[in-house]
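Visitor: Sharing a structure, written as structure tokens. Questions coming.
Readers should treat all values here as calculations from the given coordinates under stated rules, not as data from a laboratory. From a predicted model like this one, the values you see are computed outputs, not experimental measurements. Positions of Cβ are generated from backbone atoms using ideal geometry, with glycine treated the same way; all protein chains shown enter the neighbour counts.
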Amino acid sequence: AKTALKKVVAQNAAIVQRTALVVLLAHAVYLVLRVWYMTDTHTQSHWWWYGACVAVHVACGALIGSAAAVTRDASGNVVAPGVDLQSTAGLYEYVFDVLYLTVAVLLLAVCTEYAVYLFALVPLVG
């Protein structure tokens, strides 16, 4: 039973780390290409949409982080590994969908201002 708990903890840590890396890379690509390289076409509305993406990423990251939180006893042993993010359907699957849709919006927004219309898919999927 302890090995199963440790396996879930390790899987959750890998998922959280991979997701954070993808989100950070998307932000880096957007900031370098859209803000720095194409600075003459970057307007205030771009900052508003970028802020919306940041807010979504923070909210999704907080939900995923709280779901993957490990509960340990006084001696440091794992009592509860958190939600198994790899096999969870429902809310956390939807959170990951929204998170990756927002990554797509950020990356497509480098090329087109119409990428923000992808946000219209969020209520349609839910």
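Visitor: What's log10 of I(q)/I(0) for segment 3-66 at q = 0.14, 0.15, 0.25, 0.27 Å⁻¹, Debye sum over Cα points only, no solvent?
Guide: -0.54, -0.59, -1.05, -1.13
Visitor: Once the Cα gyration tensor of the chain is found, what semi-axes does its equivalent ellipsoid get, as square roots of 5 times the eigenvalues, in whole Å, sorted largest first?
Guide: 35, 15, 11
Visitor: Then there's this: In degrees, nearest 10, range 0 to 90: what is the angle between the Cα axis of helix 2-30 and the longest Cα principal axis of the chain?
Guide: 10
Visitor: Using a Gaussian network for the chain with springs between C-alpha atoms less than 10 Å apart, which of these wobbles most: A13, A89, A115?
Guide: Comparing A13, A89, A115 in the GNM, the peak value goes to A89.
Visitor: Who wins for biggest fluctuation among D40, D84, D97 in a Gaussian network model of the chain, springs between alpha carbons below 10 Å?
Guide: Fluctuation is largest for D40.
Visitor: At a Förster radius of 25 Å, what calculated FRET efficiency corresponds to the Cβ-Cβ distance of A74 and A14, to the nearest 0.05?
Guide: Taking R0 as 25 Å, the efficiency between A74 and A14 is 0.40.
Visitor: A follow-up question, please. Can you give the charge dipole size of the chain about its Cα centre, rounded to the nearest 20 debye, using +1 on the beta carbon of Lys and Arg and -1 on the beta carbon of Asp and Glu?
Guide: Rounded to the nearest 20 debye, it is 460 debye.
Visitor: Right, another one. Please find, in a Gaussian network model of the chain (springs between Cα atoms separated by less than 10 Å), the residue of Q17, Q86, Q44 whose mean-square fluctuation is greatest.
Guide: Looking only at Q17, Q86, Q44, the largest GNM fluctuation is found for Q44.
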